[in-house]
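Taking it in order: structure first as structure tokens, then the write-up.
Only the coordinates and a few stated rules stand behind these numbers; no lab work does. Predicted model, so just to flag it, every value in this text is computed and none were measured. For neighbour counting, all protein chains shown are included, and Cβ atoms are generated from backbone atoms with ideal geometry for every residue, glycine included.
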Amino acid sequence: MSCDFRLWIADCRLLIFVVALSLAAAASAKNIDLSTVPSRDTVQLTIYNSEDITLVRETRKISFKEGVNPLQFSWANTLIDPTSVELRFVTDPDQLEVLDTTFPHDKPQMLYWNVQSELDGEATVEITYFTSGISWTADYVCVANAAETHMKLDNFVRVYNNSGEEYEDAQVRLVVGKINLVEKIAQLARIPMQQVAQLEKAKQDEFRYRALRGAMAPADMPMPTAEAAPSADAKEIIKEGLSEYFIYTIEGTETINNGWSKRMISLTAEEVPFNIQYRYREPEYGQQLVRLYLLKNDEESELGTTPMPDGVWRVFLDNGEQGLSFLVAQHLKYVPIGDKIELNLGVDPDVIFELVKEKVWRDNIWMQIHGANVFRRVDDGKVKIEVNSGVAGWTEHTIFNQRIRNYTAKDIEVEARRSFDGHVFFRSSLDAKNHDYRTVEYTKSVKTGVSVDLLYEIAYRLGHDAKQNNVTIEKAEVER
């Protein structure tokens, strides 16, 4: 006599059931209920946007009987990759062993594990797999105070679930940065390049997933227990550094429903200091003076010690009348630790900027003579000497004036960069320096209600006189 025991675990479209087979028929046998219907204990999602891959780790408590226990796993109508599904025994691993894995041909979205058990009781198992369709984005809301010295900064992350699966009470981890799979996949690195293309796609995916699994779960971070209650306060995001990238772990658990998105707070900083600077950089901003908020991603600025992911920064100004004025929405790329954050607010109508060309002339002209002299008599009896010659080298001078009028209520700082090609001399009374070999940089404070003229001369050595390609700065008074 034999008995069939079936345990259904219904959770959305994931289905696991346990069948205990082959009980000895020698004695008088009874149908024994293995356990009550278990629920999913923990779920962890590690979302890696760059590859549209999410690593899912879930644990369940399952009752086993001695002997062979078949387990069934189904992923109908989801984006789960069946080649990535793995089963691991969290408790009693020395008494449990996966004998084989079978993919039935007539049920393409299902697999069976045969588990050999020496245990007669309950054990915790972990099922991991990769799925697609889950992504996340970051956005930032900045509110500057009326004096424009500090800002309140809120960083949010929004998780989108289009995977076909519901994830209830899931711990969410977000990967920031880029994982270099070529370096991570040690197995592929050992295979000669000419053989890589010959590998079956399934085998390549297996190598890829093994490497990615290790990269995305580098440490045994504690998974939330079913008994742990979510925090009533704003959630904290724990940041874990992993050389090339960071993993942000959102405090507590979240339910991520299929077809929905959820916005969660990542960081709140009440008083982030920043500076205001006006810049002229033609390659970046065109021929105009733009206004920027400059802050820094460091602990002193209350922004932590981790990179800040790509996202849209929305900046508002407290207008002092119990309202906010919208300044700009700007998408910024990944900001490393210690890097500056530059928010371009555009042209300030209260600061007038003009670039005026004041004067142009040439000197130091060198002539080069070729061939012999030629004499030719003309009708008026005079002799004219014609010579085969040309201009070999000269210096071209231009005086520029950057005129700035400050109509704001406070002093401003202006930074200007000008780039020049060729053998160039930059002459001015400004405190200029070389930003690079062909770019000059200088700063100037402009008081409120004042107009200033920033004069400088550019001297190009041309033709035979041009010996190098760089800018030499010379301190000199420039006259119109």
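Quick notes on this structure:
- Taking trypsin sites (Lys or Arg not before Pro) across the stretch 107-179, the ones in a DSSP loop with at most 15 further Cβ atoms lying within 10 angstrom of their Cβ are LYS178.
- The 3J(HN,Hα) values that the Karplus relation (6.51, -1.76, 1.60; θ = phi - 60°) gives for the stretch 61-77 are, in residue order, 9, 10, 8, 10, 10, 4, x, 8, 10, x, 10, 10, 10, 10, 9, 4, 6 Hz. Gly and Pro appear as x.
- Each of GLY311, HIS331, GLN287 was placed along the dipole of the stretch 271-348 (beta-carbon charges, centred on the mean Cα), and the one lying farthest toward the positive end is GLN287.
- In terms of distances greater than 30 angstrom between alpha carbons, the cross-link table entries LYS357/LYS447; LYS296/LYS467; LYS152/LYS433 yield LYS296/LYS467; LYS152/LYS433.
- Here THR149 and ASN470 are evaluated by their C-beta separation; at R0 = 51 Å the FRET efficiency comes out at 0.80.
- Cβ-to-Cβ counts within 10 Å put HIS435, HIS423 in ascending order as HIS435, HIS423, the fewest first.
- At most 15 other Cβ within 10 Å, DSSP loop - GluC sites (Glu not before Pro), the stretch 75-147: GLU118
- Loop-resident sites, the stretch 448-477, for trypsin sites (Lys or Arg not before Pro), counting at most 14 other Cβ within 10 Å (DSSP): LYS467
- Reported to the nearest whole Å, the Cα centre-to-centre distance from the stretch 65-99 to the stretch 466-480 is 74.
- Annotation: the residues ARG281, ARG418, sorted from fewest to most other C-beta atoms within 10 Å of their own C-beta, follow the order ARG281, ARG418.
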